[in-house]
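Report on the following structure.
The values are calculated or read from the model by the stated rules, or taken from the named source; none is laboratory data. Because the structure is predicted, anything quoted here is derived from the model rather than measured. Note that we place each Cβ from the backbone using ideal geometry, even for glycine, and neighbour counts take in every protein chain shown. Only protein heavy atoms, including side chains, enter the accessible area calculation; ligands, DNA and RNA are left aside. Shrake-Rupley method; radii C 1.70, N 1.55, O 1.52, S 1.80 Å.
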Amino acid sequence: MSPRAVYRHIAHTIRHVPEGGITYETFCATAGCDAESGPHDEQEAAQDWALHHTGRTGHDLFRRVVTDHAKVTRAE
């Protein structure tokens, strides 16, 4: 008799984990400019950096990144 494998599909959920926090970063997307805000715990701090960068350089295109932590658990 040959061995058999049994696969069971289990539903899972994924949710934000508040204790992991959220990090906000802003990157200048103007060609040749590698300026970035660095990680901040507050969205306003990353946005303020972009506003100041625009004021100093005239650069007006940015990429914003929001990072959070999530946990996967069985839905059973």
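Numerical summary
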read-out: Tally, over the stretch 21-32, of residues that are open to solvent by 70 Å² or more (accessible area, probe 1.4 Å) and touching a residue at least 40 places away in the same chain (Cβ under 8 Å); value: 0
read-out: Residue check for Arg8: part of a strand (DSSP E or B) and of a type in the set (D, E, K, R); value: no
read-out: Residue list for the stretch 1-39, restricted to those being touching a Cys at 6+ places or on another chain (Cβ under 8 Å) and within 22 Å of Asp68 (Cα to Cα); value: Glu36
read-out: Boolean, Pro18 is farther than 26 Å from Glu76 by Cα, loosely packed, with under 11 Cβ neighbours inside 10 Å and free of Cβ contacts under 8 Å to residues at least 60 places away in the same chain; value: no
read-out: Residue, nearest to Thr23 (Cα to Cα), within the stretch 37-76, restricted to residues that are in a helix (DSSP H, G or I) and either acidic (Asp, Glu) or open to solvent by 90 Å² or more (accessible area, probe 1.4 Å) (or both); value: Glu44
read-out: Any hit, the stretch 33-56, residues being in contact (Cβ under 8 Å) with a residue 60 or more places away in the chain and either basic (Lys, Arg) or at positive phi (or both); value: no
